[in-house]
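The values are calculated or read from the model by the stated rules, or taken from the named source; none is laboratory data. Since the model is a prediction, treat every value here as computed from it, not as a measurement. Here Cβ is always computed from backbone atoms with ideal geometry, including for glycine, and neighbour counts include all displayed protein chains. Quick note on the areas: whole protein, heavy atoms, side chains included, nothing else; ligands and nucleic acids left out. Shrake-Rupley method; radii C 1.70, N 1.55, O 1.52, S 1.80 Å.
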Amino acid sequence: LQFTIDTEIIGAPSYVEPIIEKFAVKTATAEVMKKIELVVPMSADIKRFASEECGVDMTQQPEGFVLKAKDDTVSVYSDTNKGAVYGLMTMLRCLDDDGNFGVQCICDYPFSAFRGIKLMMPARSEIREFKNFIAMMVYFRHNTVMLEIGGAMEYKRHPEINEGWEEYAAFMSE
């Protein structure tokens, strides 16, 4: 199934739209994926399928998902919106260079509940790159950003703090 700009996406939050758009091909050269649907919560039948076919107990994996392709539709099942987004991002990562999705079923869940990174406050001139980086984090199923804002402040009465932050920022930049 080929993911194109005409593929209807149902149930995806607006913040993932810019990520999704980067993967859609403009012109179809194969069988077209007509629809992607995010289904929250997943039914007991899907949970049973995950347990029997994949060996995954989805009742113990709140951010887990089942990704199934059938006919011209790809369905992402999860008990949480986060899990559904993780499934959608997994689908995007499975696309080949021509936008083809050749997988029939994936049952998966995050290994760790906390998946994140600590970043320094970006400069104003770097906000666009920062937003692109956050989109990349979503694509790779990260769920936490710790933003260091103390280093972006100047302490006029305590220049030693400023010097310490400059040293720390230089070290982290390396």
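Okay, here's what the table says:
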| quantity | calculated |
| --- | --- |
| Yes/no for ASN81 being under 20 Å from the mean Cα position of the chain (by Cα) and either farther than 24 Å from THR144 by Cβ or of a type in the set (A, V, I, L, M) (or both) | no |
| Boolean, ASP71 is over 27 Å from PHE114 (Cα atoms) and either among the hydrophobic types (A, V, I, L, M, F, W, C) or over 16 Å from the mean Cα position of the chain (by Cα) (or both) | yes |
| The stretch 124-174: number of residues that are among the hydroxyl-bearing types (Ser, Thr, Tyr) and exposed (fewer than 11 other Cβ atoms within 10 Å of the Cβ) | 2 |
| Elements of type strands (runs of 3 or more DSSP E) in the stretch 1-120, at least 2 residues being not aliphatic (A, V, I, L, M) | 35-39, 65-70, 73-78, 105-108, 116-120 |
| Out of ASP6, ASP45, sole residue that is modelled with pLDDT of 90 or more, within 26 Å of ASP98 (Cβ to Cβ) and open to solvent by 50 Å² or more (accessible area, probe 1.4 Å) | ASP6 |
